[in-house]
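The values are calculated or read from the model by the stated rules, or taken from the named source; none is laboratory data. Note that the coordinates shown come from a computational prediction; the quantities given were computed from them, not determined experimentally. Positions of Cβ are generated from backbone atoms using ideal geometry, with glycine treated the same way; all protein chains shown enter the neighbour counts.
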Amino acid sequence: MGALTLVVALASVVTAVTAALTWQRRARTSAAVPLTASLVSVSVWSTAVVMLNTGQRPAVLDALVHVQYLGITGAVAANRLFAHTVTGGRLTARRVLLLCVEPLLVQLALLADPATRLFYASVEHVGDPPVRQTTLGPLFWAHALYSYAVVATGVAVLARRRRYATGLLRRQLGTVLLAMALPASVNVVTTTLPAEVLNVDTTPAVFAVTGLLFAFSVLRQDLLHLLPVARGLVVDTLGDAVLVVDGQGRVVDLNPAATALLQHLGQPPAAVGEALEAVAGRALADAVGAGEGEDVVQLGAVGLDVRVRRIHDPRGRVLGRVAVLRDVTAQRAQQRALEEANAQLRRHVETIERLRADLAEEAARDPLTGLRNRRRFVDDLTERLRAAAGGGHPVALVLLDVDHFKAVNDTHGHAVGDAVLVAVAGLLREHARAEDVVRYGGEEFVVVLPGTDAAGAAERAEQLRTACALLRVDGGAARVTISAGIAACPEHGTTPDDLLLAADRALYAAKAGGRDRVALAT
């Protein structure tokens, strides 16, 4: 038994050192705490087994049994908590307290055992130095079945997660499963063998291998760097390319869509554990960045929608990032085509609106003289009168008529008559704003004079009459004169109808007075 005791002692040292390594990583993930507790419990268990085989007094041997089971039950509870956290669960006080119930009951059963003999049916100290020999009781088997059930559920949880895992996480979970299943299997053998065959708990000896496996996973596989929930995000978004990056900027996982996308971008085969830039290229690494957010980047002919989210542990600490990449090349091409179609449609609409406006303007103008006709004159005049009234400004209106126009048509022909109208329109346009001159109908014209009172309008009308008297059409054969009637707002009215009626009466008075003259409304 001396060699076996040395192996158990070595296991105690290995698990203690591994516990120190995992405890140093407790700030990175909550899984480090239960793993450390499990390794410490195993170290306590192994130490107690060593002490039980070093010739201690019977009273000390009985006391060491309490320490041994403190390590055993602690290892079982801590392993279950570790399996829970490493697969994405939260480490809650309620769960911890529930798993602490059985270790407490075992200690109480051991304290009562000398009187009840329910945990050990018999206990003897034989030999010199004394060795503790026992016969197992019903409470021991209840404890054993409970422990195996707890360990089995933890292994099942890890095995189920490993089934859907890929890459580094799959290898990590495989190492953890081996580290947990190996001592459990040896313990089953140790427990079921008769005391005559094996009277020493050899399970702690196997923990030398377990400690080495956990040390390998922590040091070489970065076991405690990746929050397991990241794998859930990968599984949930299998349709998109997903990269999981740890806090040091290394790719710790990627799904098949990410592998295919990187190959499409011309990147070498992705290796888990390498730097993001080496796996994805500089441009994509810059797009993923160091924080979180959303962006669309163009990598050659490929457009990528990049969405980055941080990975937090249950305490809110950042452990890494998840980058979800979607190839949006086709969508962007469709969007550009749609935008171009919309632009063309807007141009067509603008052309139609311009043509409509031109048509409306053409409909509002006289085709012979190019002046505005009376179609919209009353509406426009109403707006001008309203604006002038609001500002307290006068508005004058001059109604003009070509004298003896019928005689011009009869004597010189309609072509000459049209030429007379064009000449009068051009002269009126020269002496007023184009929008203020209107062909009212036939040989009648209206000139609107904003900001001009009746006296000013009479002076302007006289200037127009004099200028028209100098016109000669058809080589000088046709002489042109005009008569004009003037009305002003507000003296002669405040509405278009009132002003036009007053101006028409004044024009009638000018014609009755001999034509070629200006008359002011009364």
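Among the residues of the stretch 152-161, is any more than 52 Å from the chain's Cα centre (by Cα), surrounded by 15 or more Cβ atoms within 10 Å (Cβ to Cβ) and of a type in the set (D, E, K, R)?
no
Being closer than 14 Å to Ala396 by Cβ, surrounded by 19 or more Cβ atoms within 10 Å (Cβ to Cβ) and among the hydroxyl-bearing types (Ser, Thr, Tyr) is the filter here; which residues of the stretch 468-499 pass it?
If the condition is that a residue be closer than 14 Å to Ala396 by Cβ, surrounded by 19 or more Cβ atoms within 10 Å (Cβ to Cβ) and among the hydroxyl-bearing types (Ser, Thr, Tyr), then no residue fits.
Report whether or not Gly174 is surrounded by 15 or more Cβ atoms within 10 Å (Cβ to Cβ) and among the small types (Gly, Ala, Ser).
Answer is yes for this residue.
Would you confirm whether any residue within the stretch 500-510 is in the same structural domain as Leu381 (by TED's automatic domain parsing) and exposed (fewer than 14 other Cβ atoms within 10 Å of the Cβ)?
The answer is no; no qualifying residue exists.
Suppose the filter is surrounded by 15 or more Cβ atoms within 10 Å (Cβ to Cβ), modelled with pLDDT of 80 or more and touching a helix residue (DSSP H, G or I) at 6+ places or on another chain (Cβ under 9 Å); does Val288 pass it?
Judged against the criteria, Val288 is not a match.
Residue under question is Leu91, and the condition is that it be in the same structural domain as Ala156 (by TED's automatic domain parsing), within 27 Å of Gln172 (Cβ to Cβ), under 59 Å from the mean Cα position of the chain (by Cα) and not in a helix (DSSP H, G or I); does it hold?
yes
So, in the stretch 348-373, exactly how many residues are aliphatic (A, V, I, L, M), within 22 Å of Gly442 (Cα to Cα) and modelled with pLDDT of 75 or more?
2
Mind listing whichever residues of the stretch 398-442 are of a type in the set (Asp, Glu) and within 19 Å of Gly513 (Cα to Cα)?
Residues satisfying the conditions are Asp401, Asp403.
What's the number of the only condition in (1) touching a Gly at 6+ places or on another chain (Cβ under 7 Å); (2) under 30 Å from Thr92 (Cβ atoms) that Leu276 fails to meet?
(2)
Inside the stretch 114-151, can you point out the residues that are part of a helix (DSSP H, G or I) and touching a residue at least 12 places away in the same chain (Cβ under 8 Å)?
Pro138, Leu139, Phe140, His143, Ala144, Tyr146, Ser147, Tyr148, Val150, Val151
Residue by residue, here is whether (1) of a type in the set (Gly, Ala, Ser); (2) in the same structural domain as Leu501 (by TED's automatic domain parsing); (3) part of a strand (DSSP E or B) holds:
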residue: Glu350; (1), (2), (3): no, no, no
residue: Val378; (1), (2), (3): no, yes, no
residue: Leu381; (1), (2), (3): no, yes, no
residue: Ala389; (1), (2), (3): yes, yes, no
residue: Leu399; (1), (2), (3): no, yes, yes
residue: Val416; (1), (2), (3): no, yes, no
residue: Ala419; (1), (2), (3): yes, yes, no
residue: Gly426; (1), (2), (3): yes, yes, no
residue: Val438; (1), (2), (3): no, yes, yes
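So, Ala20, is that one modelled with pLDDT of 85 or more, surrounded by fewer than 14 Cβ atoms within 10 Å (Cβ to Cβ) and assigned by TED's automatic domain parsing to the domain that holds Ala159 or not?
Criteria not met by Ala20.
Need pairs with beta-carbon distance below 6 Å; first residue not assigned by TED's automatic domain parsing to the domain that holds Val416 and within the stretch 466-495, second part of a strand (DSSP E or B); sequence gap 6+ or separate chains.
none
Please verify whether Ala109 is modelled with pLDDT of 85 or more, in a helix (DSSP H, G or I) and in contact with a Phe, Trp or Tyr (Cβ under 6 Å, 6 or more places away or on another chain), treating the condition exactly as stated.
Here the answer is yes, as Ala109 does meet what is asked.
Residue by residue through the stretch 401-414, note down the ones that are more than 19 Å from Val446 (Cβ to Cβ) and either of a type in the set (Lys, Arg) or in a strand (DSSP E or B) (or both).
Lys406
Leu345 - would you say it is modelled with pLDDT of 75 or more, surrounded by fewer than 15 Cβ atoms within 10 Å (Cβ to Cβ), outside any helix (DSSP H, G or I) and out of contact with any strand residue (DSSP E or B) (no Cβ under 6 Å at 6 or more places or on another chain)?
Judged against the criteria, Leu345 is not a match.
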